[in-house]
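The values are calculated or read from the model by the stated rules, or taken from the named source; none is laboratory data. Since we're looking at a predicted model, the values are computed, not measured. Here Cβ is always computed from backbone atoms with ideal geometry, including for glycine, and neighbour counts include all displayed protein chains. Accessible surface is based on the protein model in full, side chains and every heavy atom, while ligands, DNA and RNA are left aside. Shrake-Rupley method; radii C 1.70, N 1.55, O 1.52, S 1.80 Å.
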Amino acid sequence: MREYKPKTNAQKKVYYKDRFYVSPQIPKLEVTDFIYLKDVESLKAQCPLLETYEERGILVIWVDKDNIFSLLESLKALDYDILSEMSAIDYLAQKGGFEIFYQLLSMQKKRRLRVKTFLKKDSKIESVSSLFSSANWSEREMYDMFGILPLNHPYPKRILMPDDWVGHPLLKSYPLQGDEAAQWYEVDTIFGKENREVIGVEQRDSARIDRYDSTRFSHLGYEVEYGQKIEKGAEKPQPIAYQEEEGVLFVTKLKPENSKELKERK
C-alpha cells in the first residue's frame with residue numbers, strides 16, 4: 001500500500017513527483033545547418049545566448065528571461081516572423097520555476113526555431129504580444145492555466161476559465177478532480193450554495209450514463225415525468241412503430257394499446 005499524504009490546501013503545496021516513468025531526453029546535437037549557424041552568429045552579436053543546440057533538426061536557443069524580448073525582436077528581423085506556439089511547463093517541484101518556450105517559423109527560410117527560458121517562481125517576464133499578435137491569446141492562456149501573467153500585456157484576462165475561477169488547472173499541484181470550489185462551481189453559480197443537497201455533486205465522468213436518473217437523461221422509448229423515481233425493471237416500454245402515408249415514412253411512438261389501430265390503418 002502506498003504512503004498516504006494529506007491533500008489539504010493542495011493548490012498551495014507541490015506534492016507531485018514522477019514516481020514511475022521519466023521520459024528519455026532527446027539528444028542535444030551540435031548545430032550543423034548552415035542557415036542556423038549564420039543566424040546564431042548574428043544573434044550572438046546582438047544578445048547573450050546561454051546555450052544553442054539542435055533537437056530533431058530544429059534549432060533550440062536558451063536565453064535569460066530579461067533578454068527574451070530583444071532576442072525575439074532580433075529573430076523577427078531575421079525572418080522568423082511567425083509565432084506558432086508558446087506556453088509553459090511546470091517545474092516548480094523539481095527546479096522551483098517554469099520553463100517557457102516560443103516556437104517560431106520562417107516561411108522564407110523554411111526553418112523552425114525554438115526559444116526557451118526559465119522563469120523562477122513569483123518572477124515576471126515581458127509580454128511579446130507587441131511583436132507577435134498570436135502571443136496575445138497564448139499569453140492569456142498561459143496566465144489562465146499556469147498563473148504566469150506577462151508584464152505589459154494589453155488585455156490581462158482569463159481566456160478559458162471563468163473570471164472568478166480559483167486556481168490554475170495545468171499546475172501539477174492542481175487536484176486532478178478539482179478542489180471543492182471547482183466541483184461545485186456550476187451549482188453554486190447557477191443555483192446557489194443552498195441548493196447543493198438538492199442538486200448533488202456535478203457528474204464529471206463524461207462516459208457515465210445512468211438511465212434511471214430522470215433529472216439528467218431522456219429515455220429513448222420511454223415516457224417518464226421529470227424527476228420521477230424509477231426502479232430497475234419497473235419501466236413500461238413504448239415500442240417505436242412505423243407507418244407510411246402518401247409515400248413518406250413516418251416514425252410514430254404509440255402506446256401498446258394503440259397497436260391494434262396501427263394494424264387496421266396498414
Given a Förster radius of 51 Å and the C-beta distance between Gln228 and Ile58 as r, what FRET efficiency does 1/(1 + (r/R0)^6) yield to the nearest 0.05? 0.25
Roughly how many percent of the accessible protein surface of region 110-209 is carbon and sulfur, given a 1.4 Å probe and a whole-percent answer? 51 percent
Under the 7 Å Cα-to-Cβ spin-label approximation, Ser134 and Phe34 lie apart by a distance in nanometres of 2.8 nm
Accessible area, probe 1.4 Å, largest first, for residues Thr215, Thr32, Thr117: Thr32, Thr215, Thr117
Tell me the carbon and sulfur percent of the accessible area for region 36-92, rounded to whole percent, probe radius 1.4 Å. 47 percent
Quick one: accessible area per residue over region 112-155, 1.4 Å probe, rounded to a whole number of Å²? 49 Å²
Quick one: ranking Asp64, Asp39 by accessible area, 1.4 Å probe, largest first, what do you get? Asp64, Asp39
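From largest accessible area down, sort Trp184, Trp137; use a 1.4 Å probe on the protein chains.
Highest to lowest solvent-accessible surface, that is Trp137, Trp184.
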What does the charge dipole of region 45-112 about its Cα centre add up to, to the nearest 20 debye, if the Cβ of each Lys and Arg holds +1 and the Cβ of each Asp and Glu holds -1? 260 debye
To the nearest 10 square angstrom, what accessible area does Phe69 show with a 1.4 Å probe? 60 Å²
Normalised by the residues of region 74-214, what does the relative contact order come to in percent, with Cα pairs under 8 Å and at least six apart? 15 percent
Measuring from a point 7 Å past the Cα of Lys172 along Cα-to-C-beta, which residues in region 83-97 have an amide N at less than 20 Å? 87-97
If the limit is 27 Å between Cα atoms, which of Lys28/Lys110; Lys38/Lys121; Lys44/Lys109 go over it? Lys38/Lys121
